[in-house]
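Reviewing the structure listed below.
The values are calculated or read from the model by the stated rules, or taken from the named source; none is laboratory data. Being a predicted model, the structure only gives us computed values, none of them experimental. Heads up, the Cβs are rebuilt from the backbone with ideal geometry, glycines too, and the neighbour counts pull from every protein chain shown. These accessible areas exclude ligands, DNA and RNA; they are computed on the full protein's heavy atoms, side chains included. Shrake-Rupley method; radii C 1.70, N 1.55, O 1.52, S 1.80 Å.
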Amino acid sequence: INGRALLLNRAFALALAGVILALAIRFQGRRDADGAALLARLKPVALWRANRALLAYALVPLSLGIYLDRYVDAGFQGDAYDKQAKDYWRANVRTWKDAPKASLTRAEVDVRLVPAEHEVYSRGTFELENREAKPLEKLAFTTGPHWRDTQWTIDDAPVEREGKTLLHVLPLAKPLAPGERVRVGFSFHGSLPEGPTANGGGTMEFVLPAGAVLTSFQPSFVPVVGFIEGVGVDAENRSDPREYPSDHWKGPTPSVFGIDAPYPVRVTVRGPAEWRLNSIGVLKSDEVVDGERVSVWESDHPVQFFSVVAGQWKEKRGDGTVIYYHPRHGYNVDEMSAALDAARRRYSEWFLPFPWQELKLSEFPGLSGHAQGFATNITFSESIGFLTDSTQETQVAWLVVAHEAAHQWWGNLLSPGKGPGGNILSEGMSHFSTLLLYEAEKGLRGRIEFAKRIEERYGERRRVDSERPLLRIDGAKDGDETVEYDKGGWVFWMLLNHLGRERGMQGYRAFIERYTTNPDHPLLEDFLVVMREFAADPSAFDAFTHQWFAEVVAPEYEVLDAVRGAPVADEAGRLMWTTRLRVRNKGTGRMPLQVAVTRGERFPKEAEAEPASAPAAEPSVPGLGDESAVLAAAQGGPRETQAASKPSAKPSEPYRESRALLELGAGEEHELVLTSDFEPKQVVVDPDALVLQLNRKHATKQLD
């Protein structure tokens, strides 16, 4: 999408270099100028004659620069689009922001992709029902700035829109009474994206020769029912976050995603014959007609949003799962397929049975480094799984698949409510599910490594001066994201341990069962009400949840002193060592935790296969919280490895430990004496990573 802009940019740079060279030749001569003739040379006519050739040189980069600026500015991230968005906000925010709207009960869409032209042609029908208390006289839909030749119908009769912004308001011949339904048809075509990006950036939705991604979150190929709050909001008109009353969670709460109930969907996708055209649900038919592939998808269980993702792929089938990937991007596909299989199986056991027939994951070009967990159809950027260096320690590809698969339950089957803490029930729950999956599939070591990684990310990215409690997080402030994902996932994990595994898992399952088909979409307060029912000690539950959900606490443990005494023989003649140590909580909060003295390597590194030849240095791209190497395209295929691994030079010493239980409040410290039948080498606070804390490295101390 930026090809022409990049060529113009390089031509501009070369032309400017020519001007600079001409200036150097003109003014940095090898002979000194005649000072007596200086005034004559400064006369206008003399200046013009001497430098008019330089002006001719300057016209080339000037023209290229102006054209490049205008070309980019006319694109979908330029001023014209910004003005459209602001006009949309100004004209409609007061009237339509909180206006009652009809609810989607069925969607049928027929979309044609023309990758060579970046074009999308779409037509379809929405069936809507008035679930409000009063009749609706008008229906409003948000469209995209790329929409051209837009047509509307109501119950198959043409209708003219009202208004001149991206919000299309359709008048009804008669008011839509509560409980009544209406069919709204639409059609349009447009370029997606329209023009280049600003400063060479990316975009989340597109139709390109490399692939296509379209979602119902934005009006890329279908309209969005009602007004979208965030469109047209920038630094000039941004307002402070809404202050919610303390009882805002009581009574019916709308969905954070704007859709209050799932609905059936049928999507027909047309595109190049050599492409695979994916959408949600079950593939009902797939054929090539007159050189064009036509794929028809139907949801086999209602959904709340849907997508189209297409490209030329190979496929990797698992147990009720399938991954579609670029033929040259097979590096991590086996690992990703194993994660997808495990996620579908385990999450179905822990939460709710997976209600759809197949779970698929489809790769798209890295114009955006994200993934989205649409029901049955996870869209997944090449940049965060397929082209990452997923090592034994990081397992980046595995963890991103595990997180996105969790959204089939937390976000799809259960749609959180709109309000503070709502998104934590989607993103935090998905991180919590990933922790569970790590422990079940990768063992204690895998879960500890992932827990430490997101704990470290939280410590680095939190905003200490503005962090709010989980019950008040709404995503509006810097630092909210890491609280929603990382701290949220950790706190759900600690709550499970507080309740006990059996009671805790019963509570999580009861929560998702209660709210999956509930018109009242849950917030964190609703979650705590359900989980309290499974607490053996309600008072202890209240104390735990108050500090972790209603307050901002962050323990920080430090081993102050640790002295190992000389060995002494016990009554049985065994040598025993005594270690005296002091531990302090420099942070806040009060939690029970374990302290251990250890010896040996608890999780010896498994021998890994050595590459047949060392690869060249490669660029890196951001993964999920860490930098991951991108495989060079010139390699042309998967990394080759030797059949045998290098044997370890020295077998690791068996791991041994002795533990004690400790509980510290904010600023408190305590002295412990630990006895062991081995000579300890290290003190570790919270060896199993069960308590969220800051600067975990200070909670470990080597013994001399």
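Quick notes on this structure:
- Remark: the residue 138-residue 660 segment gains 181.2 nm on full extension, using 0.36 nm per residue and subtracting the alpha carbon distance.
- Probe 1.4 Å - accessible area at residue 462, Å² to nearest ten: 30 Å²
- Surrounding net charge for residue 411, when Lys and Arg each add one and Asp and Glu each subtract one, Cβ distance under 12 Å: -2
- Sulfur and carbon atoms: percent of accessible area, region 270-323 [1.4 Å]: 39 percent
- Spin-label model distance (nm) - residue 392 vs residue 13, 7 Å beyond Cα toward Cβ: 4.2 nm
- Legend: translational diffusion of region 389-447 by Stokes-Einstein, Rh = Kirkwood radius over C-alpha pairs, 25 °C, 0.890 mPa s; D = 204 µm²/s.
- Solvent-accessible heavy-atom area per residue, rounded to whole Å², over region 64-160 at 1.4 Å: 55 Å²
- Multiplying each eigenvalue of the alpha-carbon gyration tensor of region 318-442 by 5 and taking the square root yields semi-axes of 22, 16, 15 Å, largest first, rounded to whole angstroms.
- Here the convex hull built on the C-alpha positions of region 481-544 has a volume of 86 cubic angstrom per residue.
- For region 276-347 versus region 132-202, the gap between their alpha-carbon centres in whole angstrom: 30 Å
- Net charge over other residues, Cβ less than 10 angstrom from the Cβ of residue 110 (K, R count +1; D, E count -1): +3
- Counting only DSSP beta bridges whose two residues both lie in region 355-503, roughly 40 percent are antiparallel.
- Helix 488-499 axis versus longest C-alpha principal axis of the chain: approximately 30°, rounded to the nearest ten.
- Accessible area, probe 1.4 Å, largest first, for residues 156, 704, 537, 480: 704, 156, 537, 480
- Only Lys, Arg, Asp and Glu carry charge here, each on its Cβ (+1 for the first two, -1 for the last two); on that basis region 78-198 has a dipole of about 440 debye about its Cα centre.
- nm² value of the averaged projected area, convex hull over the Cα atoms of region 406-477: 5.4 nm²
- Largest accessible area first, the residues 601, 404 order themselves as 601, 404 under a 1.4 Å probe with ligands, DNA and RNA left out.
- Sorted from longest to shortest, the spans of the Cα atoms of region 174-282 along the three principal axes equal 54, 42, 30 Å.
- Rounded to the nearest 20 debye, the dipole size of the chain about its Cα centre is 1860 debye, using +1 on the Cβ of Lys and Arg and -1 on the Cβ of Asp and Glu.
- These residues, 20, 25, go from largest to smallest accessible area, 1.4 Å probe, as 25, 20.
- With DNA, RNA and ligands ignored, accessible area of residue 478 (1.4 Å probe; Å², nearest 10): 120 Å²
- Descending semi-axes in Å of region 226-345, equivalent ellipsoid built from Cα gyration tensor: 36, 20, 18
- Translational diffusion coefficient of region 82-140 (Stokes-Einstein, Kirkwood radius from Cα pairs, 20 °C, 1.002 mPa s): 147 µm²/s.
- Listed residue (282, 384, 189) projecting farthest to the positive dipole end of the chain, Cβ model: 189
- Cleavage-rule hits (chymotrypsin sites (Phe, Trp or Tyr not before Pro)) in region 411-456: DSSP loop, at most 10 neighbouring Cβ within 10 angstrom: none
- Percent of C-alpha pairs per 10 Å bin, region 222-282, short to long: 13, 27, 29, 19, 9, 1
- Computed from Cα atoms alone, the Kirkwood hydrodynamic radius reported for region 440-597 is 18.5 Å.
- Taking every alpha-carbon pair in region 123-240 and binning the separations at 10 Å intervals from zero gives 11, 38, 32, 16, 4 percent.
- Size-normalised alpha-carbon gyration radius of region 193-248, reference 2.2 N^0.38 Å: 1.61
- Rolling a 1.4 angstrom probe over region 345-450 with all protein chains present gives an accessible area of which 45% lies on carbon and sulfur atoms.
- Cα long-axis angle, helix 3-27 against the chain (0 to 90 degrees, to the nearest 10): 70 degrees
- Cross-link table 86/134; 284/316; 97/487, entries beyond 27 Å C-alpha to C-alpha: 86/134; 97/487
- Whole-percent carbon and sulfur share, accessible surface of region 466-543, 1.4 Å: 46 percent
- Here is the P(r) of the chain: all C-alpha pair distances, binned every 20 Å from 0, give 14, 42, 29, 12, 3, 0 in whole percents.
- Computed E for residue 673/residue 514 - FRET, C-beta separation, R0 41 angstrom, nearest 0.05: 0.30
- Listed residue (488, 464, 448) projecting farthest to the positive dipole end of region 443-495, Cβ model: 448
- Distance between the pseudo-spin-label points of residue 273 and residue 588 (7 Å out from Cα toward the beta carbon): 6.6 nm.
- Crossing angle, helix 79-96 versus the chain [Cα axis fit, 0-90 degrees, rounded to tens]: 70 degrees
- Simple spin-label estimate for residue 67 and residue 464 in nanometres, 7 Å along Cα-Cβ: 5.5 nm
- Using the Cβ-Cβ distance between residue 539 and residue 156 with R0 = 45 Å, the FRET efficiency computed as 1/(1 + (r/R0)^6) comes to roughly 0.15.
- Kirkwood Rh, angstrom, region 73-183 [1 / mean 1/r, Cα pairs]: 15.8 Å
- Taken per residue, the accessible surface of region 300-429 reaches 26 Å², heavy atoms only and a 1.4 Å probe.
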